[in-house]
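*Asks:* One structure follows; several queries about it will come next.
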Amino acid sequence: MSSVADIRRETFAALRVPNFRLFFAGQSVSLIGTWMQTVAQGWLVLQLTHSAKQLGFVVAVQMLPVLFVAPYGGLIADRVNKRVLLIGLEAGLGALAIGLGALTLTHNVHLWMVYVFALALGCFNAFENPARQSFMLEMVGPDTVRNAVSLNSVMVNAARAVGPAIAGIIIALGGLGICFVLNGLSYIAVIISLLMMNVARLMPSPPAVRAKKQLRAGLAYVRQTPSLLVPLVMLSIIGCFTYEFQVTLPYLAHAGFHGGSRTYGFMTASMGLGAVFGGLYVAARGRTGIRTLVRASLLFGAAMVAAALAPSVGVEIGVLFLVGAASVSVLARGNSTLQLAARPEMRGRVLGLLAVAFLGSTPIGGPIIGSIAQTFGPRWGLAVGALACFVAAALGAFAVARRKAGKHLPERISGLTHASSQLPPDAPASP
C-alpha cells in the first residue's frame, strides 16, 4: 500500500521540473485574472441585454475562431518555437483585456464592442491553446505529461474557485471594468515565467517541415487512428452541449435563483473547488484510455442531472462541487489520452483539433443552450448538457465493444479506419 509520501510524490511529480514550476506559477496568476474576466464579461452582457440568447451568442463568437483557426494554430505550434510564440500571444491577450477594461471604466462600452473583443480574444486563443497544451510535453517529457496535464487542470479550476469570488467583490466595490484591467495585467506573470525558463532543459519536438497539405495530413491521421478519433468525438459532444457554463450558470443565477453577480461568483467558485479535488485525484490515481473516459462521462452526466434538479441555491452550490470534480476528470483524461496517443510531429495538430472539439463547438452549442435556457428555463440547459454526456459515453462504449469484437468502427463515425487500428487499453496516469 502506498504511503502518504508516495502519493504526494505521484500527485505533484511534474512540479519537480523547474521549468514547469515557473509555468505553473505564471499561469496560476494569469488564470485567476481570466476567470475574473469571464465573470465580468458574462455579467456585462446581461446588464446590457438581459438576454441569455445574447450571452450565448457572445460566447459563440468568442469561440468561433477556435472552430476554424485552431487546426492551423496547431500546425503553427508544430512548426515554430512554442515558448517564443506563447510570449507574443500572451502579450496580445493582455492588451485586449486592458482595452475592454478601459472602455467599460469610461462607460463607452456597447454590445457590438463586446462582440468585437470576444472575436479578437477567440483569434488569439485559437493559436495559444494548442501551443500551450503541446508545450507541456516539452517541459516535462512523456513520463510525466499525464501528471502535468492533470495539475494544469487543477490550476485552471483552482483559479475558477478564486477568480469569480474576487470578481464578485471587485464588481460590487469598483465595477466590471477593473476586472478586465486586472486580467490584462496578470498576463505579465506568464510572460515573465516564460522568459525565466532554462531553455537548455526543454525537450522540444522536432519541428514539422513546411510542406503542402499538412492540415489535411493531420485530419487524415486522426481519422485513421481510433485512439484519437473516438475521444475527440466524445469531447466534441460534451464540449458543445455540456461545457456551456458561461451561458448556463450566469442565467441560472439571474433568472433561476434571482441572484446577482455574487451568487454567480459563489456558484462558479464551488465548481472550481470541486474541479481542484477531481484534478488532484486524477493526478495521483488517474488513468487514461477510452473506457476510463466513458466512466468519467457517465459520472459527469449524473452530476449534471443533479445540478438541473437542485431545488435551492444552497443545494445548487453544493452540487456544482460535484459537477466541477466530474468535469475536470473528463477533460484531463481526454487531454492526456490524446497527448500520449499522438505522434510527436502531429501533437500540435491533434491538440488543435482538441481545441476545435472542446472549445470550437461552442459557436454551435452556446446559442442552442442559451435559447433552450431562455425558452424553457435555465435548468433545461443543464439537462441537455447531462444528456450530451450520456450520448458521448454510449458512443465510447460502442467503440470499445467493437474493438473487443475485432470489428471496424462504422464509416460514419471513424471515417478512414484501418483494419489494423487498435484502441488503447486504459493506462495508469502515474509513471
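Nothing in this text is a laboratory measurement; each read-out follows from the coordinates by a stated rule. Given the structure is predicted, the values throughout are model-derived calculations rather than measurements. Quick reminder, even Gly has a Cβ in these numbers, built from the backbone with ideal geometry, and neighbours come from all protein chains shown.
*Asks:* To one decimal place, what Kirkwood hydrodynamic radius in Å is obtained for region 75-155 from all pairs of distinct Cα atoms?
*Replies:* Values: mean 1/r = 0.0691 Å⁻¹.
The answer is 14.5 Å.
*Asks:* So, how do all the Cα-to-Cα distances of region 90-246 break down into 5 Å bins, in percent, from 0 on up?
*Replies:* Taking every Cα pair in region 90-246, the percentages come to 1, 7, 9, 16, 19, 16, 14, 9, 6, 3, 0.
*Asks:* Let me know the whole percent of all Cα-Cα pairs from region 174-317 that are separated by more than 27 Å. Numbers along the way, then the final one.
*Replies:* On the way: 5251 of 10296 pairs.
For region 174-317, the share of Cα pairs beyond 27 Å comes to 51 percent.
*Asks:* Moving to a separate point now. Report the residue, chosen from Gly26, Gly385, Gly260, that carries the largest GNM mean-square fluctuation when the chain is represented by alpha-carbon nodes joined by springs under 10 Å.
*Replies:* Fluctuation is largest for Gly260.
*Asks:* I need the calculated FRET efficiency for the pair Ile192 and Phe376, taking r as the beta carbon distance and R₀ as 41 Å, to the nearest 0.05. Don't skip to the answer; put the middle values down first.
*Replies:* Values: r = 47 Å, r/R0 = 1.15.
The computed FRET efficiency comes out at 0.30.
*Asks:* Dipole of the chain, Cα-centred, from +1 at each Lys and Arg C-beta and -1 at each Asp and Glu C-beta, to the nearest 20 debye?
*Replies:* Values: 32 positive and 12 negative charges, 240 e Å.
So the magnitude is around 1160 debye.
*Asks:* Over all alpha-carbon pairs of region 195-266, lay out the pair-distance distribution in 5 Å bins, whole %, shortest bin first.
*Replies:* Values per bin, smallest distances first: 3, 11, 11, 10, 10, 10, 13, 12, 10, 8, 3, 0.
*Asks:* Using the Karplus curve 6.51 cos²θ - 1.76 cosθ + 1.60 with θ = phi - 60°, work out ³J(HN,Hα) for each residue of region 222-235 in order, rounded to whole Hz, and write x for Gly and Pro.
*Replies:* 5, 4, 8, 10, x, 5, 9, 5, 5, x, 5, 5, 4, 5
*Asks:* At what distance in nm do the modelled label points of Arg16 and Val80 sit from each other, each positioned 7 Å from its Cα along Cα→Cβ?
*Replies:* 3.5 nm
*Asks:* Take Leu185 and Val315, extend 7 Å from each Cα along the Cα→Cβ direction, and tell me the distance between the two endpoints in nm.
*Replies:* 4.2 nm
*Asks:* Continuing with this model, one more query. To the nearest 20 debye, what charge dipole does region 223-380 have about its Cα centre, counting +1 at the Cβ of each Lys and Arg and -1 at the Cβ of each Asp and Glu?
*Replies:* Details: 11 positive and 3 negative charges, 108 e Å.
About 520 debye.
*Asks:* Counting only the backbone N, which residues of region 308-324 are under 20 Å from the spot 7 Å out from the Cα of Ala172 toward its beta-carbon?
*Replies:* 313-318
*Asks:* Determine the equivalent ellipsoid of region 291-362 by diagonalising the alpha-carbon gyration tensor, then write out the semi-axes as square roots of 5 times the eigenvalues, largest first, rounded to whole Å. Before the final figure, lay out each step's value.
*Replies:* Numbers: eigenvalues 184, 31, 15 Å².
Sorted largest first and rounded, they come to 30, 12, 9 Å.
*Asks:* Also: I need the P(r) histogram for region 1-136: all alpha carbon pairs, bin width 10 Å from 0 out to the longest distance, whole percents.
*Replies:* P(r) for region 1-136, in whole percents per bin: 11, 33, 29, 17, 8, 1, 0.
*Asks:* Taking the convex hull of the alpha carbon atoms in the chain, what volume per residue do you get, in Å³?
*Replies:* Working: hull volume 58.5 nm³, N = 431.
So the per-residue hull volume is 136 Å³.
*Asks:* Kirkwood hydrodynamic radius, region 249-321, all distinct C-alpha pairs: what's the number in Å? Show your work: numbers first, answer last.
*Replies:* Details: mean 1/r = 0.0751 Å⁻¹.
When all Cα pairs of region 249-321 are included, the Kirkwood radius is 13.3 Å.
*Asks:* Compute the longest continuous run of the chain that contains no exposed trypsin sites (Lys or Arg not before Pro); treat a site as exposed when its DSSP state is not H, G, I, E or B and it has at most 11 other Cβ atoms within 10 Å.
*Replies:* Details: sites that count: Arg210, Lys212, Lys213, Lys407.
Result for the longest clean stretch: 1-209.
*Asks:* Next question. Please rank Asp143, Asp78, fewest neighbouring Cβ atoms within 10 Å first, as an exposure proxy. Walk me through the numbers on the way to the answer.
*Replies:* Details: Asp143 11, Asp78 27.
Fewest-to-most ranking of Asp143, Asp78: Asp143, Asp78.
*Asks:* Residue farthest toward the positive end of the dipole of the chain, with Cβ of Lys/Arg at +1 and Asp/Glu at -1: which of Gly73, Met346, Leu387?
*Replies:* Of the listed residues, the answer is Met346.
*Asks:* Could you calculate, for region 270-405, the ratio of the Cα radius of gyration to the Kirkwood radius, expressed as Rg to Rh? Numbers along the way, then the final one.
*Replies:* On the way: Rg = 15.9 Å, Rh = 16.0 Å.
Rg/Rh: 1.00.
*Asks:* Can I ask one more? Specify which residue in the list Gly99, Gly278, Gly33 is farthest towards the positive end of the charge dipole of the chain, using unit charges on the beta carbon of Lys, Arg (+1) and Asp, Glu (-1), about the Cα centre.
*Replies:* Of the candidates, Gly278 comes out farthest on the positive side.
*Asks:* Can you find, among Thr49, Ala60, Cys179, the residue farthest towards the positive end of the dipole of the chain? Put +1 on the C-beta of Lys and Arg, -1 on that of Asp and Glu.
*Replies:* Of Thr49, Ala60, Cys179, it is Ala60.
*Asks:* What relative contact order, as a whole-number percentage, does the chain give when Cα pairs under 8 Å and 6 or more residues apart are counted?
*Replies:* Details: 813 pairs, mean separation 124.9, N = 431.
Rounded, it is 29 percent for the chain.
*Asks:* Could you work out how much longer the chain between Leu202 and His50 gets when fully extended? Use 0.36 nm per residue separation minus the Cα distance between them, nm to one decimal. All intermediate terms of the calculation are to be shown ahead of the outcome.
*Replies:* Details: separation 152, 0.36 × 152 = 54.72 nm, distance 4.82 nm.
Length gained between Leu202 and His50: 49.9 nm.
*Asks:* Region 331-371: Rg/Rh from Cα coordinates, Kirkwood Rh?
*Replies:* Numbers: Rg = 12.7 Å, Rh = 11.2 Å.
Rg/Rh for region 331-371 comes to 1.13.
*Asks:* For region 73-176, give the magnitude of the charge dipole about the Cα centre (Cβ charges: +1 Lys/Arg, -1 Asp/Glu; no others), in debye to the nearest 20. Intermediate results must be reported in sequence, preceding the final value.
*Replies:* Numbers: 6 positive and 5 negative charges, 9 e Å.
Dipole of region 73-176, to the nearest 20 debye: 40 debye.
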